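The values are calculated or read from the model by the stated rules, or taken from the named source; none is laboratory data. Here the structure is a predicted model, which means the values were calculated and not measured. Note that we place each Cβ from the backbone using ideal geometry, even for glycine, and neighbour counts take in every protein chain shown.
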Amino acid sequence: MKKISIVASALLLSASASFAQNTWSVDKAHSRLGYGITHLGISESEGNFKSYEAKITASKADFSDAVIEVTADVNSINTDNEMRDKHVKSPDFFDAEKFGTITFKSTSIKKASGKTFKVTGDLTLHGVTKPVTLDLTINGTTTNPMSKKEEVGIKVTGTFKRTDFGIGASMPTQMLSDEVVLKANGEFVKE
């Protein structure tokens, strides 16, 4: 009876260890959250967010059960042009005073092939929440030789329509494309 109890305890501990939920926090020094939008139909104008938080929670080593959460401060938007930054934050576009936060939380993740996934989640932007599907690539995991912590590198891309969220509604698509390209690259550190 004692042997059975020991074996059962060992199996229980092994099972709980393999299903442990891991949290990975963004390493902002090695990450970027940005976007691109076509201007006048001929060039891509880019911007990024200087202030944001992101985390991944997963219990599987291949991240096939991952939940991704991102929060960005609209007031931290940077397009490398001060006048454009002010205009993008104005009520003509993001209306940062009224809608100062952008959030994304994944609701499902499906393996596409190899290390690529389709991630669907709720994007809240300009006071509107809509589902979007993004492409996620797991670039790999490693142990950082400096910190000795495990890290994962990811790349996320996808598109959404600005008019679906009421962004720049008075801006004609000949001036600024309706399609916005999301571009995120990052390293996440296992907590």
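The table for this structure:
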{"quantity": "Which numbered condition Gln174 fails, given (1) surrounded by 14 or more Cβ atoms within 10 Å (Cβ to Cβ); (2) modelled with pLDDT under 95; (3) not acidic (Asp, Glu)", "calculated": "(1)"}
{"quantity": "Near pairs, Cβ below 7 angstrom, 6+ apart or cross-chain, from the stretch 164-178 (at positive phi and among the small types (Gly, Ala, Ser)) to any residue that is surrounded by fewer than 17 Cβ atoms within 10 Å (Cβ to Cβ) and part of a loop (DSSP other than H, G, I, E, B)", "calculated": "Gly168/Asp92"}
{"quantity": "Boolean, Asp27 is surrounded by 10 or more Cβ atoms within 10 Å (Cβ to Cβ), under 18 Å from the mean Cα position of the chain (by Cα), under 22 Å from Lys183 (Cα atoms) and modelled with pLDDT of 95 or more", "calculated": "yes"}
{"quantity": "Hey, Ala61 closer than 16 Å to Gly153 by Cα and either at pLDDT below 95 or basic (Lys, Arg) (or both) or not", "calculated": "yes"}
{"quantity": "Criterion: touching a strand residue (DSSP E or B) at 6+ places or on another chain (Cβ under 7 Å) and at positive phi - qualifying residue of Phe63, Phe49", "calculated": "Phe63"}
{"quantity": "Selection status of Thr107, among the β-branched types (Val, Ile, Thr) and without any contact (Cβ under 8 Å) to a residue 24 or more places away in the chain", "calculated": "no"}
{"quantity": "Extreme residue, farthest from the chain's Cα centre (by Cα), among residues of the stretch 168-191 that are among the β-branched types (Val, Ile, Thr) and within 21 Å of Ile42 (Cβ to Cβ)", "calculated": "Thr173"}
{"quantity": "Test set (1) closer than 18 Å to Ala184 by Cβ; (2) basic (Lys, Arg); (3) over 14 Å from the mean Cα position of the chain (by Cα) - Lys155 fails condition number", "calculated": "(3)"}
{"quantity": "Meets criteria (over 23 Å from Glu151 (Cβ atoms), out of contact with any Lys or Arg (no Cβ under 7 Å at 6 or more places or on another chain) and of a type in the set (Val, Ile, Thr)) for Thr124", "calculated": "yes"}
{"quantity": "Test: Met171 is in a loop (DSSP other than H, G, I, E, B), under 19 Å from Ser31 (Cα atoms) and of a type in the set (A, V, I, L, M, F, W, C)", "calculated": "no"}
{"quantity": "One residue from Phe94, Phe160, Phe117 being free of Cβ contacts under 8 Å to residues at least 40 places away in the same chain, buried (at least 19 other Cβ atoms within 10 Å of the Cβ) and under 30 Å from Ser43 (Cα atoms)", "calculated": "Phe160"}
{"quantity": "Residue within the stretch 178-191 that is in contact with a strand residue (DSSP E or B) (Cβ under 7 Å, 6 or more places away or on another chain), surrounded by fewer than 12 Cβ atoms within 10 Å (Cβ to Cβ) and assigned to a loop (DSSP other than H, G, I, E, B) present", "calculated": "yes"}
{"quantity": "Which numbered condition Pro145 fails, given (1) in contact (Cβ under 8 Å) with a residue 24 or more places away in the chain; (2) closer than 16 Å to His30 by Cβ", "calculated": "(1)"}
{"quantity": "The listed residue being within 18 Å of Lys28 (Cα to Cα) and either modelled with pLDDT of 95 or more or among the acidic types (Asp, Glu) (or both), out of Val119, Val128, Val70", "calculated": "Val70"}
